[in-house]
Structure formats: C-alpha cells, structure tokens
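Following: one structure in structure tokens, then a few remarks.
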C-alpha cells in the first residue's frame, strides 16, 4: 500500500470518528432535553393538581326590580268612526277622498233633499193661516163668543206648526255633512249621485259616506293572563315594538284595565295608549307589547351554577384563597338561563358555573372568567357551609 493510500484511509477514519462522535453528542443532548421537558411538564401537572381544576366563575348579581310581561296586540286609532247621512236624498257633492286629512267641523259631503224644503214651505203656509185664526179666536173669546178652551187650542196649533218648521230646518242642516273630529279619511263608500238614506232609522241598510280615523294617537288592547292580572295597573310603563320591524319602538302607558277576568279566557282586558304624531306606526299593525311589572329583586347567577346533591340545592362559591365551598340556597325561580335565588347567597359572591362532579367542599380550584367578560374580578370571601352540611366529602 502506497503512502498516499495510507494517508487517505487515516483521513477517512478520522472523519468517521468525528461524525459518529457528533451524532452521539446530538443524541445525548436530544434525550437530555426530552427528559428536562418531561420533568418540567411533570412539575406543571403537579402545580395544576395542587391548584385544583380550572373552573369558570361568575359573580352573583342583583336582578332587576321589574319584569317584562310580553303580550301581542293590534295598534288601532284612538278614534275611528264611519260617517252616515241623517237625511235621505242624493249625494250632490263629496269633498274628500281616501288619505285626505280633515279638521273637525270641515265639510265633507252635501246631500240634495228638496223634500225637506217642500215640507217647510207647506208647513209655513199653514202657519200663516193658523196665526190669523188664533188672533181672531182670541178676539172673539174676549168678546164672549168663544170659550177660553177654543182660544188655547188655536194658540197650541201655532206652536206646533212653528216647532215642526224648526225641526225640519234642523234636519235640513244635516244635508251638510261635517267631520266629527280631526283625522284622516281611511275609506270612502259613496260617489256623487248615490242615493243615501236616513241612517238614524236603519243604519244597517244605509249607505255610509266615509270612515275617518285619528291616527295621531293609537291604542292597543291586550289580555293579561290570570297570574299576571293583579300586577297590571293603569300608569305602568310599556314598550311597544312593531312586529314587522323590531327596530321601530315607542314608549307608552297602560291607561285602562277591566274590572274582572273574561269568563271564557280568564284574561284581563288591558288598554295601552301611545303617541303616534309622527306616523311611525300604521294603524292595524300587529305589535309586541312589553309591560314593565314591579317584581321582587333576587340574586341571580347562571343556571349552570346549580348543584343538586343529597336532595338539596347548592351553589359552589370561591373564596380569596381559591377554595371552593358549597353553599345551600333557596331557589325563587329560573328561566333556564338565569337562576333566581331567594336566600343563601350574597350579591357579588363568585360562583362556579358547571362545577366538576368530583369537586368537594374545601377543594382547591383555578378560577377563570367566562368568555367575553371584562376581566377577572377579585373573589369575594364566602362563608363555608355549616359542619355536616357539605354535599361532598
């Protein structure tokens, strides 16, 4: 073997030894790092076990002193009436149509009734004769030719004729049909030339002229259930929301309530009024009505905080040392999301939401704020349950 070959083999062995040594060093460091990481993870697990399970906490809050009674109704004009004619005749003029705004006393239609003028003329002619007859009878009575009774009868005939003329003239005044109040024409039923009749005699068969509604103020009639009826009283604040546009809402008040429950439905008729001068609500719209009823203010916590053990109800609280305590409570009610507590818990006390089944009284926990909360609050100290009353040992 030449000297060159010997040097080549020597270099190869040196390089191989370096590579093997480097690989061994890398492997040693890798496993050493893994061992250190496992030791660190073990320390973290030990710390976590010492700190207890991670739990979500929420502070007990005082609930509102009012509650919403949600009802559904129909918004109708405060005033609405269908106008008829009080005289029979032909419609000679109508001055309004659907959508027109009218003022109280404004002329809306005129009826042509020549029969009334003819009756007035006939009675007026007879009145002249009756006046002259009464005068002669009075003079002859004074002369002793007639009795006083005859004179009185003649005078009475004059008064009757004058009364008939006055009545016909009053009736003739109804030929001019005027708006009973300010509002908007919502319907028109008759055209010029239509035959109209005296609605006072038979409104069912009479042809109406127009319907006028005052939509500047609306009222809603709703019906409160028997359980809520005693709490609904005049003067309560109300929020009215358009069922087709929830962003459209207005404040109103309960104005009237019936004195008894409906015998069939066992509900109490309740009337709500609100201002609609800007016309945001169209009369006839369905609306959602929320009546603000006075209610007892209870301590409230998430419904998930409720724990039922040993046939009793509890909530798990967290004190300043991150220790869990089970506190017995009396439930006032729940809607499935919020639990209302009548007694056993103070306002501001942190409670555990959905506590682990393995959590025991006095156990350590790692409290976490629920998602979306502004930040962790300082846990308030809560009294531990009396000895022997803990639901978990």
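The values are calculated or read from the model by the stated rules, or taken from the named source; none is laboratory data. Note that the structure is a prediction, hence the values are computed from the model and not measured. Positions of Cβ are generated from backbone atoms using ideal geometry, with glycine treated the same way; all protein chains shown enter the neighbour counts.
Assorted remarks:
- Count - residues of the stretch 161-182 that are assigned to a helix (DSSP H, G or I) and either surrounded by fewer than 13 Cβ atoms within 10 Å (Cβ to Cβ) or touching a residue at least 12 places away in the same chain (Cβ under 8 Å) (or both): 12
- When residue 241 is tested against (1) part of a strand (DSSP E or B); (2) loosely packed, with under 14 Cβ neighbours inside 10 Å, exactly one condition is not met: (2).
- Filter pass, residue 262 being part of a loop (DSSP other than H, G, I, E, B), closer than 19 Å to residue 223 by Cβ and without any contact (Cβ under 8 Å) to a residue 40 or more places away in the chain: yes
- Residue within the stretch 327-347 that is over 30 Å from residue 233 (Cα atoms), in contact with a helix residue (DSSP H, G or I) (Cβ under 8 Å, 6 or more places away or on another chain) and part of a loop (DSSP other than H, G, I, E, B) present: no
- Condition check for residue 69: within 27 Å of residue 248 (Cβ to Cβ) and touching a helix residue (DSSP H, G or I) at 6+ places or on another chain (Cβ under 8 Å): yes
- Test result for residue 30, modelled with pLDDT of 90 or more and on the phi < 0 side of the Ramachandran plot: no
- Candidates in the stretch 341-353 are the residues that are touching a strand residue (DSSP E or B) at 6+ places or on another chain (Cβ under 7 Å) and surrounded by fewer than 18 Cβ atoms within 10 Å (Cβ to Cβ); of these, the one that is farthest from residue 319 (Cα to Cα) is 342.
- Across the stretch 293-318, the qualifying residues are those that are surrounded by fewer than 17 Cβ atoms within 10 Å (Cβ to Cβ) and in contact (Cβ under 8 Å) with a residue 60 or more places away in the chain, and the one among them that is nearest to residue 251 (Cα to Cα) is 294.
- Given (1) at pLDDT below 90; (2) outside any loop (DSSP other than H, G, I, E, B), index of the condition residue 357 fails: (2)
- Of residues in the stretch 96-112 being exposed (fewer than 14 other Cβ atoms within 10 Å of the Cβ) and either closer than 14 Å to residue 189 by Cα or not assigned by TED's automatic domain parsing to the domain that holds residue 177 (or both), the one nearest to the chain's Cα centre (by Cα): 99
- Within the stretch 215-236, considering residues that are in contact with a strand residue (DSSP E or B) (Cβ under 8 Å, 6 or more places away or on another chain) and in a loop (DSSP other than H, G, I, E, B), the one surrounded by the fewest Cβ atoms within 10 Å (Cβ to Cβ): 235
- Leading residue by the ranking (modelled with the highest pLDDT) among those in the stretch 35-86 that are under 21 Å from residue 185 (Cβ atoms) and not in a strand (DSSP E or B): 84
- Test result for residue 274, part of a loop (DSSP other than H, G, I, E, B) and buried (at least 18 other Cβ atoms within 10 Å of the Cβ): no
- The one condition in (1) free of Cβ contacts under 8 Å to residues at least 24 places away in the same chain; (2) surrounded by fewer than 17 Cβ atoms within 10 Å (Cβ to Cβ) that residue 141 fails to fulfil: (2)
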